[in-house]
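The values are calculated or read from the model by the stated rules, or taken from the named source; none is laboratory data. The structure displayed is predicted, hence computed values, not measured ones. Because the Cβ atoms are built from the backbone with ideal geometry, glycine has one as well, and the counts that use them run over all protein chains shown. Quick note on the areas: whole protein, heavy atoms, side chains included, nothing else; ligands and nucleic acids left out. Shrake-Rupley method; radii C 1.70, N 1.55, O 1.52, S 1.80 Å.
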Amino acid sequence: MPTLTRVVREHVPMAFHEVEVTAVARLTPHLCRITFGGEDLAAFIDDGPDQRFKLFLPRPDGTMPDVPRGPEWYTAWRALPDALRPTIRTYTVRSHRPELREVDVDIVLHGDSGPGSAWASRASVGDRVVIFGVYSEYHPVPEADWQLIAGDQAALPAIGAILERLPVEVPAVVLVEVPDAFEEIALARPVRWVHQARGESLLTAIRSADFRPGIPYAWVAGESGAIKSIRRHLVNERNMPKESVEFMGYWRLGESIDPA
């Protein structure tokens, strides 16, 4: 395998945006699309297909939280008393419509077992929140001949956005793990759907997948432990160069399963 080029790229400046919910739609039994809009999104700058942002959840009474701003916002946020510190969850922008000053966010619903899911399951038009971002990880090596895009349901919004921007001439192997067939959605490329949650079935599917010849670029995301196992398989057993494997742990089994 030749030496690969990891081009360092500049990311867009991250910024705070005050937004409100303009639409809510249920895509599957456990996937909800929430649209955010507002004049603040005029300054929203795209950073790439899997761009993530921080969502500051509303107070228990539904009002917008007091969010520290400025370069040291995170330190200030950590210093707040528990009762005043707004809860943060991380999500992926599914679609961005700059002409309308809107972004779509797809959120996995799993009842009240996590604060993000609990909020999203009750979100309604007019709700106001603060978001901070964005930051994209997807960055193929220039030498890549084909791509492996894989993840679980938490990664599905990012996978959908990646596939929409992937040039038609770039071959891709796409595997997505969801609980069952009711959670499958239409995507821009053919997908191998894997049923049974928690990552083990995704690793099994990747182990049995036929990979194309040539230099790969792999983007994998989902439950942290499963994604680490998948990366080890790709590097140690499939001989993928470490430089060509992008892996993100979006959540951790045994903890609150909202991405944080």
Pull out the extension gain between TRP73 and SER124, defined as 0.36 nm times the separation in residues minus the alpha carbon to alpha carbon distance; nm, one decimal.
15.6 nm
Separation in nanometres of the label points that stand 7 Å from Cα toward Cβ, at SER113 and VAL170
3.3
Hey, what do the phi angles of the range 124-129 turn into as Karplus ³J(HN,Hα) couplings, whole Hz, using 6.51/-1.76/1.60 and θ = phi - 60°, x for Gly and Pro?
9, 4, x, 4, 10, 9
Averaging the inverse of every distinct alpha carbon separation and then flipping it gives the Kirkwood radius. What is it for the range 117-260, in angstrom units?
16.1
Only residues of the range 32-69 count here: report those whose backbone N is under 15 Å from the spot 7 Å along Cα→Cβ of LEU84, or say none.
65-69
GLU143's amide H: which non-local residues (gap 5+, or another chain) put their own amide H closer than 5 Å, with H modeled 1.01 Å from N in plane and none for Pro or chain starts?
THR5
With each label point set 7 Å from Cα along the Cα-Cβ vector, what nm distance links GLU237 and PHE211?
1.1
Here the FRET efficiency for ASP66 versus TRP193, based on Cβ atoms and R0 = 51 Å and rounded to 0.05, is 0.75
Most to least packed among 149-162, 217-230 [average Cβ atoms within 10 Å]
149-162, 217-230
Hey, in the GNM for the chain with a 10 angstrom Cα cutoff, which one of PRO140, PRO98, PRO213 fluctuates hardest?
PRO213
Residue-normalised value, i.e. accessible area per residue, for the range 47-105 at 1.4 Å probe, in Å², stands at 53
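Please report, to one decimal in angstroms, the Kirkwood hydrodynamic radius of the chain built from all distinct Cα-Cα pairs.
19.2
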Solvent exposure of the range 146-260 as accessible area per residue, Å², 1.4 Å probe:
44
Sum of -39500 (n - 2.57) over DSSP H runs of 4+, divided by residues of the chain (222 nm, nearest 500)
-4500 deg cm²/dmol
A 1.4 Å probe over the protein heavy atoms gives the chain a carbon and sulfur accessible-area percentage of 52
Measuring from a point 7 Å past the Cα of ARG9 along Cα-to-C-beta, which residues in the range 78-117 have an amide N at less than 19 Å?
92-98
Between VAL24 and GLU99, the FRET efficiency computed from the C-beta separation at R0 = 35 Å comes out, to the nearest 0.05, as 0.95
Can you work out the Karplus-derived ³J(HN,Hα) for every residue in the range 205-221? Use 6.51 cos²θ - 1.76 cosθ + 1.60 with θ = phi - 60°, whole Hz, and x for glycine or proline.
5, 5, 4, 8, 6, 7, 9, 6, x, x, 7, x, 10, 10, 10, 10, 8
With θ set to phi - 60°, apply the Karplus curve 6.51 cos²θ - 1.76 cosθ + 1.60 along the range 139-148 and write out the HN-Hα couplings as whole Hz, x wherever there is a Gly or Pro.
7, x, 5, x, 7, 4, 8, 7, 10, 10
For every other residue with a beta carbon closer than 15 angstrom to the beta carbon of ALA161, add +1 if it is Lys or Arg and -1 if Asp or Glu, then tell me the sum.
-3
